[in-house]
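Heads up: the structure comes next, in structure tokens.
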Amino acid sequence: MAERENRRGNRRDRDEAPEFADRLVAINRVSKTVKGGKRFGFAALVVVGDQKGRVGFGKGKAKEVPEAIRKATEQAKRQMIRVPLREGRTLHHDVEGRHGAGKVIMRTAPEGTGIIAGGPMRAVFEMLGVKDVVSKSTGSQNPYNMIRATLDGLNKESSPRQVAARRGKKVADILNKGDTKPAAAETAEA
């Protein structure tokens, strides 16, 4: 029985490796003062994603760097969110996110623009699978707050399908709303 579970566990580990990509964003040396002096440890901040619309971040602390990164990666995989992408390459609409003093603005971009983002935000977009986006970070430059603000904004992102379902309409009614009004106005005048 234990062998079967062990084989299953190994298979799951093999399957997860290619499914998710991870990016180490920040690593800090932290210290704790104790009676005999100082004890040093490491805190890691990691962003994980499948590059197809799912992303998450995690943080881990340990005495050694690899262990801190492993803990952060596991936490990131548990906290993943799904973000709808337009054509699998950019956001559906412009959005702002904030967490504490960290504020970010993310805008859709035409094809070929690339990822215009700095530091931790770039890691989030790359792991999410976004190809074209323009973003600006104002306020806190703390990587933890920047990532949380970015994910806050991405949580607000909604696709036309989600908006149509919320309003009880068809997707075509939502997308072509600007086209139908002028035609209706012309028939009313005639």
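The values are calculated or read from the model by the stated rules, or taken from the named source; none is laboratory data. Keep in mind it's a predicted model, so treat the numbers as computed, not measured. Cβ sites come from the backbone with ideal geometry, for glycine too, and all protein chains shown count toward neighbours. Accessible surface areas use protein heavy atoms only, side chains included; no ligands, DNA or RNA. Shrake-Rupley method; radii C 1.70, N 1.55, O 1.52, S 1.80 Å.
Please enumerate the residues belonging to region 135-144 that are under 14 Å from Val25 (Cβ atoms) and open to solvent by less than 30 Å² (accessible area, probe 1.4 Å).
Taking region 135-144 and keeping what is under 14 Å from Val25 (Cβ atoms), we get 137, 141-144.
Across region 135-144, the qualifying residue is only Ser137.
Only one of these is under 15 Å from the mean Cα position of the chain (by Cα) and at pLDDT below 95: Val25, Val34. Name it.
Selected residue: Val25, the only one of Val25, Val34 that is under 15 Å from the mean Cα position of the chain (by Cα) and at pLDDT below 95.
So is Ile105 open to solvent by 30 Å² or more (accessible area, probe 1.4 Å), part of a helix (DSSP H, G or I), touching a residue at least 24 places away in the same chain (Cβ under 8 Å) and of a type outside the set (Lys, Arg) or not?
No, not satisfied.
So which of Pro66, Pro110, Pro84, Pro120 is open to solvent by 10 Å² or more (accessible area, probe 1.4 Å), in contact with a strand residue (DSSP E or B) (Cβ under 7 Å, 6 or more places away or on another chain) and not in a strand (DSSP E or B)? So that I can check it myself, show each step before the final result.
Values: Pro66 fails: in contact with a strand residue (DSSP E or B) (Cβ under 7 Å, 6 or more places away or on another chain); Pro110 fails: in contact with a strand residue (DSSP E or B) (Cβ under 7 Å, 6 or more places away or on another chain); Pro84 fails: in contact with a strand residue (DSSP E or B) (Cβ under 7 Å, 6 or more places away or on another chain).
Just one listed residue meets the conditions, Pro120.
Could you tell me whether Gln75 is open to solvent by 60 Å² or more (accessible area, probe 1.4 Å) and either closer than 25 Å to Ala62 by Cβ or in contact with a Phe, Trp or Tyr (Cβ under 9 Å, 6 or more places away or on another chain) (or both)?
It is false that Gln75 is open to solvent by 60 Å² or more (accessible area, probe 1.4 Å) and either closer than 25 Å to Ala62 by Cβ or in contact with a Phe, Trp or Tyr (Cβ under 9 Å, 6 or more places away or on another chain) (or both).
Could you please find all residues in region 27-43 being free of Cβ contacts under 8 Å to residues at least 24 places away in the same chain and either polar (S, T, N, Q) or crowded, with 16+ Cβ neighbours inside 10 Å (or both)?
Listed by number, the residues that qualify are Asn28, Ser31, Thr33.
From (1) in a loop (DSSP other than H, G, I, E, B); (2) touching a helix residue (DSSP H, G or I) at 6+ places or on another chain (Cβ under 7 Å); (3) crowded, with 21+ Cβ neighbours inside 10 Å, pick out the condition that doesn't hold for Val46.
(1)
Which one of the conditions (1) among the small types (Gly, Ala, Ser); (2) under 17 Å from Ala123 (Cβ atoms); (3) at pLDDT below 90 does Gly56 fail to meet, given that it meets all the rest?
Checking Gly56 against (1) among the small types (Gly, Ala, Ser); (2) under 17 Å from Ala123 (Cβ atoms); (3) at pLDDT below 90, the one that fails is (3).
Restricting the first residue to region 160-173 and requiring it to be open to solvent by 90 Å² or more (accessible area, probe 1.4 Å), which pairs with a second residue that is part of a helix (DSSP H, G or I) meet a Cβ separation below 8 Å and a spacing of at least six or different chains?
Close Cβ pairs satisfying both conditions: Arg161/Val171; Arg167/Ile174; Lys170/Ala164.
If I ask for residues that are more than 15 Å from His93 (Cβ to Cβ) and open to solvent by less than 40 Å² (accessible area, probe 1.4 Å), which ones from region 145-159 would you list?
Residues satisfying the conditions are Asn145, Met146, Ile147, Ala149, Thr150, Leu151.
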